[in-house]
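Everything below concerns the one structure shown next.
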Amino acid sequence: MLASIKTNEFKGSQSKALAMMYFRVAIILFGAQLLFGLIAAIQFLVPGFLFELLDFSVARTVHINALVVWMLYAMIGSVYFMLADETGEDGVHMLLGKIGFWVLTLAVTIVVLVFIFVQVGAGTEASIWFINEGREYIEAPRWADIGIVVVVLIFYWNVFATYMKGRQTGIMTVMVADLLALAGLYVAGMFFTDNISMDQFWWWWVIHLWVEATWEVFVGALAAYALIKIIGAKREIVEMWLWIEVLMLFGSGILGMGHHYFWIGTPEYWWEIGALFSALEPVPLVAMFVHVLYDWGKEQGIAKAEGRQGSVMNNGPAMAWIVTNAFGNFLGAGIWGFFHTLPQVNIYTHGTQFTAAHGHLAFFGAYATILIGMMYMSIQYAYGIDRLKATFKSKMAIFMITFGVLGMGIALTIAGYEQVLVERAELGGGWNAFFMAQELPWYIQAQMWRAIMGVVTFVGFIYLVWDLLTLGKQAKKAQAAA
Ligand code: HEM
Ligand code: HEM
Ligand SMILES: [Fe+2]
């Protein structure tokens, strides 16, 4: 019976141990992301803050690259974590997997140090290779790019070989196919061309197709797996939803990329294509949202019919984060994305703080949430807990982080609204208008609130780390006592 996989099957699993290593680095990078975000937020208010020590451009670069990298770490960790449960086999070639982990971690450390220590200088062929490739979110220099591809190939080979050796469930089949697309797209961000339109064209193949197609499918598969493990959802039901979402996400996500081709010098037919397909993108996100709630309700119904007690949730904090994921994905990506996706709107909002509001809410809602949920699942496994209950710290963590990010999103939306009205509509855009709009009280107050809400988020993060470090041991003690 696949649906009744026990929480603590595969004790001593090699691939789960490797997953824990990935999660640990992920949480450290998440902390670094927040710290550099706070510095950049202060620089919006006090532009001279740390000038020539840690410039805004560098703080921002570290903030968003740490974001992408911690998420990739947590994604790799999540796959290694679910691998044994889904396939029925512990991961194969785990020594190779561990070597890959250390190589990647060393490379990431060097890249971050170089970003921090070499802040200014000429942009040449050599700097593309050794310092900064200059593509927002994936700025790692070329040598690291190549290293990342090699490590990802090792990871992929491990997952694929385990999958071939063991059971091939629907969830794992989607995962294996999706990972191939996800890894392959990274290569599109590695070509160099000095034509900025062409460069942006390919860059979006990574950025948009990642987050709006392959990463979304990834979290769909992950949510399906987690729901089976946590509330015992029926595999047939979650897999059926998963296949529908895969179809819809790839359908709308691929041509939806047109919403980034409005103003970069690509042909004008992208206006219509981008408008139509990107407007359809929230549909699968609604389906995902329905999916989680429907499964839960359905499971309760089945349990009742079978005369058992309704859904026994065996991991409170993980479930809370996964439900937040369903809401957050719909809100941040679906609603905030839809707001500015039509060219008639985007011509006003493009590149304003409105974009940043959407970026924060979407990355947090769609990805940070469920990946944190997976970390709680790994704690439950590591300590062999049958039912992991939320502690005061778990509750403070989810409340403060979610409240903080939501607060930042609202503050940035207000700043963006002011930019649209003053910079774009009133003053007609342009360099001067850009600066004038940023000196008005609406904008400055909004940036102040963003900084405050950033601190709230950071305090929540401290609760999260504290909780992850202590709750397993506590729960184990309580379980032994009971
Ligand atoms: C989880 C999924 C998503 C994530 C993580 C995400 C994240 C982002 C980020 C970070 C940017 C800014 C990129 C830059 O630096 O220029 C962006 C831009 C954009 N996103 Fe999303 N997004 C998601 C889904 C969506 C969806 C579903 C829609 C539409 C319905 C959408 C519409 C847009 C648009 C129109 C822009 C361009 C904004 C501009 O012109 O400045 N996004 N997204
Ligand atoms: C302590 C909390 C945080 C603070 C103070 C903060 C601050 C900032 C600042 C100042 C920027 C630069 C904006 C600009 O160039 O106009 C930024 C960009 C960004 N941050 Fe954060 N951030 C925080 C947390 C997060 C979280 C939790 C996420 C997602 C999980 C996130 C995702 C992003 C993204 C995607 C961008 C790029 C947005 C764009 O280009 O439009 N940040 N953040
Ligand atoms: Fe997009």
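The values are calculated or read from the model by the stated rules, or taken from the named source; none is laboratory data. Since the model is a prediction, treat every value here as computed from it, not as a measurement. Because the Cβ atoms are built from the backbone with ideal geometry, glycine has one as well, and the counts that use them run over all protein chains shown.
Of all residues in the stretch 253-288, those that are touching a residue at least 40 places away in the same chain (Cβ under 8 Å) and in a helix (DSSP H, G or I) total 17.
Okay, residues lined up against (1) modelled with pLDDT under 95; (2) closer than 30 Å to Met453 by Cα; (3) of a type in the set (Val, Ile, Thr); (4) touching a helix residue (DSSP H, G or I) at 6+ places or on another chain (Cβ under 9 Å):
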{"residue": "His259", "(1), (2), (3), (4)": "no, yes, no, yes"}
{"residue": "Phe277", "(1), (2), (3), (4)": "yes, no, no, yes"}
{"residue": "Leu280", "(1), (2), (3), (4)": "yes, no, no, yes"}
{"residue": "Phe330", "(1), (2), (3), (4)": "yes, yes, no, yes"}
{"residue": "Phe339", "(1), (2), (3), (4)": "no, yes, no, yes"}
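Annotation note: Cβ proximity below 9 Å between a residue of the stretch 436-460 that is under 10 Å from Gly404 (Cα atoms) and a residue that is hydroxyl-bearing (Ser, Thr, Tyr) (sequence gap 6+ or interchain) occurs for Thr457/Thr402; Gly460/Thr402.
Only residues that are without any contact (Cβ under 8 Å) to a residue 60 or more places away in the chain and within 8 Å of ligand 2 (Cβ to nearest atom) were counted across the stretch 26-35, and they come to 1. Checking each residue in the stretch 189-228 for being within 16 Å of ligand 1 (Cβ to nearest atom) and over 15 Å from the mean Cα position of the chain (by Cα) picks out Gly189, Ile196, Ser197, Asp199, Gln200, Phe201, Trp202, Trp203, Trp204, Trp205.
Kindly evaluate Ile231 against the criterion of being more than 16 Å from ligand 2 (Cβ to nearest atom) and either under 24 Å from Pro317 (Cβ atoms) or surrounded by fewer than 17 Cβ atoms within 10 Å (Cβ to Cβ) (or both). It is true that Ile231 is more than 16 Å from ligand 2 (Cβ to nearest atom) and either under 24 Å from Pro317 (Cβ atoms) or surrounded by fewer than 17 Cβ atoms within 10 Å (Cβ to Cβ) (or both). Which members of the stretch 184-228 meet the condition of being surrounded by 17 or more Cβ atoms within 10 Å (Cβ to Cβ) and polar (S, T, N, Q)? Hits for the stretch 184-228 are Gln200, Thr214. Can you tell me which residue in the stretch 340-359 is surrounded by the most Cβ atoms within 10 Å (Cβ to Cβ), limited to those that are more than 18 Å from Gly430 (Cα to Cα), near ligand 1 (Cβ under 8 Å from one of its atoms) and of a type outside the set (Ser, Thr, Tyr)? Among those that are more than 18 Å from Gly430 (Cα to Cα), near ligand 1 (Cβ under 8 Å from one of its atoms) and of a type outside the set (Ser, Thr, Tyr), it is His358. Candidates are the residues of the stretch 41-57 that are within 12 Å of ligand 2 (Cβ to nearest atom) and within 26 Å of the chain's Cα centre (by Cα); the one that is nearest to Thr457 (Cα to Cα) is Ala41.
Give me the residue from the stretch 174-195 that is in contact (Cβ under 8 Å) with a residue 40 or more places away in the chain and of a type outside the set (Asp, Glu) and, out of that set, farthest from ligand 2 (Cβ to nearest atom).
So in the stretch 174-195, the residues in contact (Cβ under 8 Å) with a residue 40 or more places away in the chain come out as 174-175, 178-179, 186, 189-190, 192.
Those still in the list that are of a type outside the set (Asp, Glu) too: 174-175, 179, 186, 189-190, 192.
Values: Val174: 24, Met175: 22, Leu179: 21, Tyr186: 17, Gly189: 16, Met190: 21, Phe192: 22 Å.
Residue satisfying both the conditions and the ranking: Val174.
Scanning the stretch 343-363 for residues that are in contact with a Ser or Thr (Cβ under 8 Å, 6 or more places away or on another chain) and either within 15 Å of ligand 3 (Cβ to nearest atom) or more than 23 Å from Trp442 (Cβ to Cβ) (or both) yields Thr349, Phe354, Thr355, Ala357.
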